[in-house]
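For reference, the structure discussed in these notes is given below.
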Amino acid sequence: MKLTELTLCAALCGVAAGCSSPKPAVESTAVAAAIAPGAPVNALPKAIVYKMSGDASALNVPVTVSPETGEITSFPGPSDVVGQEPIALGDGWLLDQRGISENSRFTRWTYDEYQALKRPPTLSELKAAIIPGARAVDLRRLPMTPWDAAADTAAVKKILGVD
């Protein structure tokens, strides 16, 4: 996803979050292509679950890299990760609360360590902090919003077949 698409998706999510009643959900990749400028937004984001590969844990802060170049394209500020830790569901499954994608990589910083930083890390510090081989894998989009999934993890576990 390009930076402009991310900006559009972020704007759409902000508008959708303010809706007073649920609307039929639309896959986020289709949202940018299907909405004409000035058209009403009838989409809500879908919850994402994933597993991790490599030596990272659910406590490690993710950044986003370009699939073409591997360069960091997005990262949170220290205050942006407060309360954003993924929710452990069992069998290695995690419920995303941060914005995970196939382009996510994990840093050596835990959420607590990252929140305590006095300033955002530089791009070179972030790049050096990426744990080799640590990625989000087996990503699945759920038929519910992130808020509904976080409020009803039993339903999410049932969808995943996790006891």
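Which of the residues that make up region 99-109 are open to solvent by 60 Å² or more (accessible area, probe 1.4 Å) and without any contact (Cβ under 8 Å) to a residue 40 or more places away in the chain?
If the condition is that a residue be open to solvent by 60 Å² or more (accessible area, probe 1.4 Å) and without any contact (Cβ under 8 Å) to a residue 40 or more places away in the chain, then Glu102 is the only one that fits.
Considering each of Leu59, Leu95 in turn, give the residue that is under 26 Å from Ala154 (Cβ atoms), of a type outside the set (Phe, Trp, Tyr) and at pLDDT 95 or above.
That would be Leu95, the only listed residue that is under 26 Å from Ala154 (Cβ atoms), of a type outside the set (Phe, Trp, Tyr) and at pLDDT 95 or above.
Hand me the list of strands (runs of 3 or more DSSP E) wholly inside region 50-118 holding 2 or more residues that are more than 16 Å from Arg140 (Cα to Cα).
60-65, 72-74, 104-110
With (1) touching a helix residue (DSSP H, G or I) at 6+ places or on another chain (Cβ under 7 Å); (2) open to solvent by 60 Å² or more (accessible area, probe 1.4 Å); (3) at positive phi as the list, and Asp91 as the residue in question, which single condition is left unmet?
Every condition holds for Asp91 apart from (1).
Would you be able to say whether some residue in region 110-124 is in contact (Cβ under 8 Å) with a residue 60 or more places away in the chain, open to solvent by 60 Å² or more (accessible area, probe 1.4 Å) and not aliphatic (A, V, I, L, M)?
No, region 110-124 contains no residue that is in contact (Cβ under 8 Å) with a residue 60 or more places away in the chain, open to solvent by 60 Å² or more (accessible area, probe 1.4 Å) and not aliphatic (A, V, I, L, M).
Of all residues in region 125-163, how many are open to solvent by 60 Å² or more (accessible area, probe 1.4 Å), over 17 Å from Ile87 (Cα atoms) and part of a helix (DSSP H, G or I)?
So the answer is 3.
The values are calculated or read from the model by the stated rules, or taken from the named source; none is laboratory data. Please read all numbers here as calculations on a predicted model, not as lab measurements. Neighbour counts run over all protein chains shown; Cβ positions are idealised from the backbone, glycine included. Remember, those area values only see protein heavy atoms, side chains included, never the ligands or the DNA or RNA. Shrake-Rupley method; radii C 1.70, N 1.55, O 1.52, S 1.80 Å.
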